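The structure under discussion appears below in the form of structure tokens.
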Amino acid sequence: MARLSEPEVAAGLAGLSGWTGDQHEIAKTYAFATFVEAMAFVTRVADLAEAANHHPAIDIRYNRVRLRLTTHDQGGVTDQDLRLARQIEHLA
């Protein structure tokens, strides 16, 4: 699995509302009505990530959850990151 070029990342992000990034990392912040809803979302993301064996950086601030994806052993964004981002979008 190779690291994607800047144009490849941009093309992959085009279909992912609210996601931003570059060849190094993609990210999105989700907002929920309550802390409990935010935590439930994080739990669902954790289940997806564990199944994919690909784990995002997760920052939780009350009702906001920021997810950052990168493939560390490739030094940047790969198809694996975009695939997980698409799966996460289905949860939100």
Next on the checklist: Give me the extension gain from R64 to T34: residue separation times 0.36 nm, minus the current Cα-Cα distance, reported in nm with one decimal.
Outcome noted: 9.9 nm
Checklist entry - Looking at the P(r) of the chain, how many percent of alpha-carbon pairs lie beyond 21 Å? => result 27 percent
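Only the coordinates and a few stated rules stand behind these numbers; no lab work does. Everything numeric here is computed off the predicted structure, so don't read it as measured data.
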